[in-house]
Every structure is written in structure tokens, then in C-alpha cells.
1. Inside the stretch 256-270, can you point out the residues that are within 24 Å of residue 69 (Cβ to Cβ) and surrounded by fewer than 19 Cβ atoms within 10 Å (Cβ to Cβ)?
2. Name the pairs: first residue in the stretch 54-75 and free of Cβ contacts under 8 Å to residues at least 24 places away in the same chain, second residue part of a loop (DSSP other than H, G, I, E, B), Cβ to Cβ under 7 Å, at least 6 apart or on different chains?
3. Being surrounded by 18 or more Cβ atoms within 10 Å (Cβ to Cβ), touching a strand residue (DSSP E or B) at 6+ places or on another chain (Cβ under 7 Å) and more than 21 Å from residue 252 (Cα to Cα) is the filter here, so list the residues in the stretch 69-93 that pass it.
4. Residues that are in contact (Cβ under 8 Å) with a residue 12 or more places away in the chain and buried (at least 22 other Cβ atoms within 10 Å of the Cβ): does the stretch 238-249 have at least one?
5. Scan the stretch 216-239 and give yes if some residue there is within 28 Å of residue 164 (Cα to Cα), at pLDDT 95 or above, in contact with a strand residue (DSSP E or B) (Cβ under 8 Å, 6 or more places away or on another chain) and in a helix (DSSP H, G or I), otherwise no.
6. Output the residue which, of all residues in the stretch 177-220 that are farther than 20 Å from residue 147 by Cα and either more than 21 Å from the chain's Cα centre (by Cα) or touching a residue at least 60 places away in the same chain (Cβ under 8 Å) (or both), is surrounded by the most Cβ atoms within 10 Å (Cβ to Cβ).
7. Does the stretch 142-165 hold any residues that are part of a loop (DSSP other than H, G, I, E, B) and buried (at least 24 other Cβ atoms within 10 Å of the Cβ), and which are they?
8. So which residues in the stretch 152-169 are out of contact with any helix residue (DSSP H, G or I) (no Cβ under 8 Å at 6 or more places or on another chain) and under 20 Å from residue 204 (Cα atoms)?
């Protein structure tokens with residue numbers, strides 16, 4: 001017996017397969033468009049900026065930081081809540097340890113003043129310890145070569161901009177779970193020019209990608225050069241640093257006493273010991289009202 005099979009044109013037999021292929025192609029195209037649009041959104045989404053000192057610098061405002069040299073968290077917190085924009089934690093010319101500084105920063109983690117650290121040197125160890133404990137500013141002393149400040153930028157930034165490695169520390173607890181993705185945009189790098197050799201390279205130093213501030217170190221410019229503030233040679237060095245820094249679109253730093261100088265927006269304030277002395281003098285000179293202050297009121 002012969003079984004007859006109805007004839008189906010080849011084009012009709014392929015139709016279900018073609019339908020599947022079309023649906024699959026549409027799905028893949030739609031999915032790819034979602035991925036592409038998502039990647040564009042991720043690229044265009046603004047980075048969260050929580051370094052308020054950096055925000056002010058970028059807006060062209062002046063910022064001042066008091067200098068911390070002692071390990072007392074109470075003194076640190078008093079300064080951090082007194083009105084400074086940042087605190088200049090001095091680790092080049094003080095015996096402060098990273099453990100002590102970590103304790104101080106954590107004790108006043110909600111204070112408005114942002115922690116900056118002047119590191120002893122531009123080494124990977126010093127800079128990565130400072131950033132791991134939560135510093136949002138790295139102040140690099142004695143910058144007299146382009147290589148030194150380039151290394152500092154490299155050790156401060158996570159890849160691909162730098163070579164900072166992932167490590168432990170309190171940075172995430174201080175600044176949020178997105179710290180790894182936002183740190184590069186929030187940390188301020190300050191290059192201190194302290195000698196005539198650095199002045200000669202001011203333009204090249206200011207041109208290093210990643211530097212935010214170039215600082216004219218007022219005392220050491222005099223110490224290294226033998227000139228004093230007001231001398232024509234001294235003032236020429238300051239002018240050279242200023243012109244190179246502002247020409248590169250960076251913030252210009254100096255001592256708090258230079259707040260009236262043209263172009264300066266980043267300032268180092270007095271040390272904690274100087275502030276205590278000034279506070280005592282102010283207290284003794286103030287007229288008394290005859291009413292004793294409430295004990296502990298000064299802490300509020």
C-alpha cells in the first residue's frame with residue numbers, strides 16, 4: 001500500500017524556522033540596545049562628590065585648613081567643627097602615626113572639615129596608608145621634580161588612572177560603599193613647591209595630570225633661597241608659581257596670611273598649639289560679664 005504524503009512547498013516548510021529566527025534576532029537586538037543604552041547612562045551618570053573642600057575649590061572659592069600636629073582626638077574634633085574647610089594633618093614634621101591619625105579621623109567622622117594629610121614623602125606606602133584611613137587630600141612636600149609629583153598621583157589614584165591597590169582601612173565606612181568608584185574624583189592632590197629647583201619646574205609640575213593644587217610654601221621658599229618675603233627675588237618666585245598654576249587652571253595655595261594675595265584660594269592655617277595660645281590670649285583679653293560660663297558649654 002502506498003501512503004500518500006501531501007505536498008508542502010519548501011518555502012512554507014521553512015516558515016516556522018524563519019519565524020523563530022526573526023523573533024530571536026529581535027530579542028537580541030532589543031537586548032543589545034538595552035545594554036548599550038545602559039552603558040551610555042553609566043558613562044554619563046555624574047560621579048558622587050562628597051569632598052566639600054574640593055567642591056569649593058572647583059567653584060573658585062577660598063578654603064582654609066587648620067594644621068593638626070597632636071594626637072588628641074578632642075583637639076582634632078574641636079578644630080574639625082570650628083569652621084575650617086579641611087584639616088591639614090601634619091605627618092611630615094610631627095611624630096604622628098597612621099594609627100593615631102586613623103583614630104582622630106574616625107572620632108570626628110561627621111565633622112564638616114575634610115581630612116587632608118601631608119605625607120612624609122611621595123611613597124606608595126605613605127600615600128596608600130593615608131588614603132586607606134580616609135584622607136581625601138594628599139599634600140606632597142618638597143616637590144622639586146616632575147617624577148615626584150607624578151609618582152604621588154600614581155599612588156593616590158585607583159586604576160586605570162593610577163596604581164593604588166585595594167586594601168583594608170576605614171575609607172568605605174567613612175565615605176560610602178561606592179568609594180572605589182568615586183575616590184579618584186574626590187581626592188585632592190597638593191604639590192608643595194618649597195625650593196628654587198621646584199620654582200624652575202613650576203610649569204611642568206602644574207601640567208601633571210591629576211594635580212589639583214600647587215602651593216607656594218612661604219617659609220621654605222625663604223629657607224632654601226635665602227630671600228625674605230618682600231624681597232624682589234622672593235616675590236618673583238611666588239609670581240612664577242602663581243602664573244604657572246593659574247595658567248594650568250589649578251588652585252593656588254599658600255599660608256593663611258596670604259588670603260589677600262591675587263589668585264590664591266587654598267590656605268594652610270595655624271597649628272593647634274598656636275591656636276591654643278591665641279585662644280588663651282583672647283580669653284584673657286576679653287571683658288568678663290561677671291557670670292561664670294556653664295561647665296561643658298564650650299563643647300556644644
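The values are calculated or read from the model by the stated rules, or taken from the named source; none is laboratory data. The shown structure was predicted, so the numbers you read here are calculated from the model rather than taken from an experiment. Please note: Cβ atoms are built from the backbone with ideal geometry, for glycine as well, and neighbour counts cover all protein chains shown.
1. Listed by number, the residues that qualify are 256, 257, 258, 259, 270.
2. Close Cβ pairs (under 7 Å, with a partner that is part of a loop (DSSP other than H, G, I, E, B)) amount to 55/49.
3. Within the stretch 69-93, 76, 79, 80, 91 qualify.
4. Taking every residue of the stretch 238-249 in turn, at least one turns out to be in contact (Cβ under 8 Å) with a residue 12 or more places away in the chain and buried (at least 22 other Cβ atoms within 10 Å of the Cβ).
5. Within the stretch 216-239 (the criterion being within 28 Å of residue 164 (Cα to Cα), at pLDDT 95 or above, in contact with a strand residue (DSSP E or B) (Cβ under 8 Å, 6 or more places away or on another chain) and in a helix (DSSP H, G or I)), the answer is no, since none of the residues qualifies.
6. Among residues in the stretch 177-220 that are farther than 20 Å from residue 147 by Cα and either more than 21 Å from the chain's Cα centre (by Cα) or touching a residue at least 60 places away in the same chain (Cβ under 8 Å) (or both), the one surrounded by the most Cβ atoms within 10 Å (Cβ to Cβ) is 186.
7. If the condition is that a residue be part of a loop (DSSP other than H, G, I, E, B) and buried (at least 24 other Cβ atoms within 10 Å of the Cβ), then 143 is the only one that fits.
8. Scanning the stretch 152-169 gives 153, 154.
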